[in-house]
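Notes follow once the structure below has been shown.
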Amino acid sequence: MKNLISITDLTREDIYKLVELAEDIIAHPKDYQEICHGKKLATLFFEPSTRTRLSFEAAMLELGGSVLGFSEAASSSAAKGESVSDTIRTVGCYADIIAMRHPKEGAPVAAAVKSTVPLINAGDGGHFHPTQTLTDLLTIYREKGRFRDLTIGLCGDLKFGRTVHSLIEAMMRYENVNFVLIAPEELRLPDYMKEKMKQANASFRETRRLEDVIADLDILYMTRVQRERFFNEEDYIRLKDTYILDAEKMRLAREDLAVLHPLPRVNEIAVEVDDDPRAAYFRQVKNGKYIRMALLLTMLGLSKEVRA
Ligand code: NCD
């Protein structure tokens, strides 16, 4: 795999190998601490981020490599009008691999055409976010021990939430996965995603009320209403607190529910839920670093060098 633009660039076998490698890194971190010595990762973030950028950087540092990059478009030559293609060609002269986040859907595809080094999409507008999905998949695997036979509720902003789109694309390839799409009318999953689900014969239903379905779920994937993608602030204000997962709602859920959230959270999960053992979202943050370590090793062709 030269580039990772969409989660569907990876087969189920590729994903399984990445998950296995991440598990090995978690079990034997010392064996991996020098393996990327001399390698450089560039993180080019044209949009804000905490976890994605820092977990990529922490991942490379823990592998013994180095990092360079920028965390906002304003501090790069994009502010002078440089094209993404030219930025990518330039950075390819300095780095061995690039992780890029951009507000425009499709920007990573255009960038990858010009890139001389492997490129990873770290989120493109309301489109896709494959490395968050790898994080989500490792979390699902560690929490539930399987990818099949699961009922997964996706709740909140299913329209603009790129992590939701990528997670659906990944999970609909496994047997007997049932999706429950929980959203207000205005933030329902886009038709192009529903078409993909229909074509894959994925089982899904749509509802507005979390309380009505929470008892059926193995996994509840909460999301933030994506303020930056709204056309007007009034709509955001009206919709932002549609769902708030609190202790009372958690009482309706199963004992073995796992609550995931890509974070950042705004109001959609009450802080009181953090102490519930079913809250997996901070464990998910940790998993994000390990799966990115596995991804960097694999894309740099170094995954076979340890524990062969
Ligand atoms: C997500 C993103 O950037 O799409 N965050 C992340 O990468 N962990 C979700 C979000 O911003 O709501």
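Worth pointing out:
- Breaking point among (1) open to solvent by 50 Å² or more (accessible area, probe 1.4 Å); (2) away from the ligand (no atom under 16 Å from the Cβ); (3) in contact (Cβ under 8 Å) with a residue 60 or more places away in the chain, for MET293: (1)
- Scanning the range 92-116 for residues that are surrounded by fewer than 18 Cβ atoms within 10 Å (Cβ to Cβ) and of a type outside the set (S, T, N, Q) returns CYS93, TYR94, PRO103, LYS104, GLU105, GLY106, VAL109, ALA110, VAL113, LYS114.
- Per-region count, the range 1-23, residues of a type in the set (A, V, I, L, M) and assigned to a loop (DSSP other than H, G, I, E, B): 3
- Verdict on VAL285 being β-branched (Val, Ile, Thr) and not in a helix (DSSP H, G or I): no
- Residues that are open to solvent by less than 30 Å² (accessible area, probe 1.4 Å), without any contact (Cβ under 8 Å) to a residue 40 or more places away in the chain and either within 16 Å of the ligand (Cβ to nearest atom) or touching a Ser or Thr at 6+ places or on another chain (Cβ under 6 Å) (or both) within the range 157-182 comprise ARG162, HIS165, ILE168, listed in sequence order.
- Verdict on GLU186 being part of a helix (DSSP H, G or I), surrounded by fewer than 24 Cβ atoms within 10 Å (Cβ to Cβ) and within 16 Å of the ligand (Cβ to nearest atom): no
- Being touching a strand residue (DSSP E or B) at 6+ places or on another chain (Cβ under 8 Å), in contact (Cβ under 8 Å) with a residue 40 or more places away in the chain, crowded, with 20+ Cβ neighbours inside 10 Å and within 26 Å of ALA258 (Cβ to Cβ) holds for only one residue in LEU150, LEU154, LEU138, LEU119, and it is LEU154.
- Residue tally, condition farther than 22 Å from LEU302 by Cβ and within 16 Å of the ligand (Cβ to nearest atom), over the range 55-96: 3
- Within the range 195-205, the presence of at least one residue that is in contact (Cβ under 8 Å) with a residue 24 or more places away in the chain and either in a helix (DSSP H, G or I) or more than 29 Å from TYR16 (Cα to Cα) (or both) is confirmed.
- Some residue of the range 243-259 being touching a Cys at 6+ places or on another chain (Cβ under 9 Å), surrounded by 13 or more Cβ atoms within 10 Å (Cβ to Cβ), β-branched (Val, Ile, Thr) and part of a loop (DSSP other than H, G, I, E, B): no
- Test: residue in the range 118-133 that is at pLDDT 95 or above and away from the ligand (no atom under 16 Å from the Cβ): yes
- Qualifying residue in the range 211-229 (condition: closer than 22 Å to TYR141 by Cα, within 16 Å of the ligand (Cβ to nearest atom) and touching a Phe, Trp or Tyr at 6+ places or on another chain (Cβ under 8 Å)): yes
- Residues that are in a loop (DSSP other than H, G, I, E, B), within 16 Å of the ligand (Cβ to nearest atom) and out of contact with any strand residue (DSSP E or B) (no Cβ under 8 Å at 6 or more places or on another chain) within the range 24-54 comprise PRO48, THR50, listed in sequence order.
- Output for the range 122-135, where each listed residue is of a type in the set (Gly, Ala, Ser) and buried (at least 22 other Cβ atoms within 10 Å of the Cβ): ALA122, GLY123
The values are calculated or read from the model by the stated rules, or taken from the named source; none is laboratory data. Quick caveat, the model's predicted, so the values are computed rather than measured. Note that each Cβ is placed from the backbone with ideal geometry, even for glycine, and that neighbours are counted across all protein chains shown. Ligands, DNA and RNA are excluded from the accessible area calculation, which covers all protein heavy atoms including side chains. Shrake-Rupley method; radii C 1.70, N 1.55, O 1.52, S 1.80 Å.
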